[in-house]
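This report refers to the structure that appears directly beneath it.
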Amino acid sequence: EAEVAQSPRYKITEKSQAVAFWCDPISGHATLYWYRQILGQGPELLVQFQDESVVDDSQLPKDRFSAERLKGVDSTLKIQPAELGDSAMYLCASSLGRRGGDIQYFGAGTRLSVL
Amino acid sequence: KQEVTQIPAALSVPEGENLVLNCSFTDSAIYNLQWFRQDPGKGLTSLLLIQSSQREQTSGRLNASLDKSSGRSTLYIAASQPGDSATYLCAPAQGGSEKLVFGKGTKLTVNP
């Protein structure tokens, strides 16, 4: 069964360092999402791509976060510099991207701890 | 701005019980609503998706209903099992962007 792949599963870093997360969506899925989930909360959308274009990045802290999806396939989310408040689970999801809404399939996530 | 509330925040039941999880949302202009399951430290698993034109969706022991006009959805779990223990999240997809807005979830514990 096709899955959304994310790496690394866990990342520990020190404050002010740079970190990067990678996501490979299900083959053929046009829409890719990055969510952040703080412990005890529901996930919150950071950025949404349709193919290689950003559709929504209104909740992305652009002074330190960046995201790209070159060639409209896999994607990288970067944080530079990391802050203590960035400790969270970072989840990637993908969907077919047809109008009217499709099931979003989630990866296992990357757990980030900033010390 | 869409706000999603899930009640109760936590629920503990004996094995075999039928149970209902509640979800309410403030903006009825949605494309669909998804219910997810999340095990501790893991990603989300999609359980059911209800399109805005539908009233109900069923998968095995799970049944989800949607009343878009009143901003409510329920997830019914029949004959609960210890393996159903997890956090259940509901997320309406906003019209336009189709982005999901999540509630905080209901943590379910099914005791053997």
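The values are calculated or read from the model by the stated rules, or taken from the named source; none is laboratory data. Nothing here was measured: the structure is a model prediction, and the numbers come from that model. All Cβ positions, glycine included, derive from the backbone under ideal geometry; neighbour counts span all protein chains shown.
Of all residues in segment A:63-102, which are farther than 30 Å from B:S53 by Cα and of a type in the set (A, V, I, L, M, F, W, C)?
Hits for segment A:63-102 are A:F65, A:A67, A:L70, A:V73, A:L77, A:I79, A:A82, A:L84, A:A88, A:M89.
Can you name every residue in segment A:42-98 that is more than 9 Å from chain B (Cβ to nearest Cβ), under 23 Å from B:Q38 (Cβ atoms) and among the acidic types (D, E)?
A:D86 - this is the single residue of segment A:42-98 that is more than 9 Å from chain B (Cβ to nearest Cβ), under 23 Å from B:Q38 (Cβ atoms) and among the acidic types (D, E).
Would segment B:5-15 turn up any residue that is under 12 Å from the mean Cα position of the chain (by Cα), within 12 Å of another protein chain (Cβ to nearest Cβ) and surrounded by 21 or more Cβ atoms within 10 Å (Cβ to Cβ)?
yes
For B:V4, indicate whether it is modelled with pLDDT of 95 or more, touching a Leu at 6+ places or on another chain (Cβ under 8 Å) and β-branched (V, I, T). Steps first, please.
Values: modelled with pLDDT of 95 or more: yes; touching a Leu at 6+ places or on another chain (Cβ under 8 Å): no; β-branched (V, I, T): yes.
It is false that B:V4 is modelled with pLDDT of 95 or more, touching a Leu at 6+ places or on another chain (Cβ under 8 Å) and β-branched (V, I, T).
Tell me which strands (runs of 3 or more DSSP E) are completely within segment A:68-115 and hold 2 or more residues being under 25 Å from B:G95 (Cα atoms), or say none if there are none.
In segment A:68-115, A:88-95 are the strands (runs of 3 or more DSSP E) which contain 2 or more residues that are under 25 Å from B:G95 (Cα atoms).
Return yes or no: is A:E1 at pLDDT 95 or above and surrounded by fewer than 14 Cβ atoms within 10 Å (Cβ to Cβ)?
no
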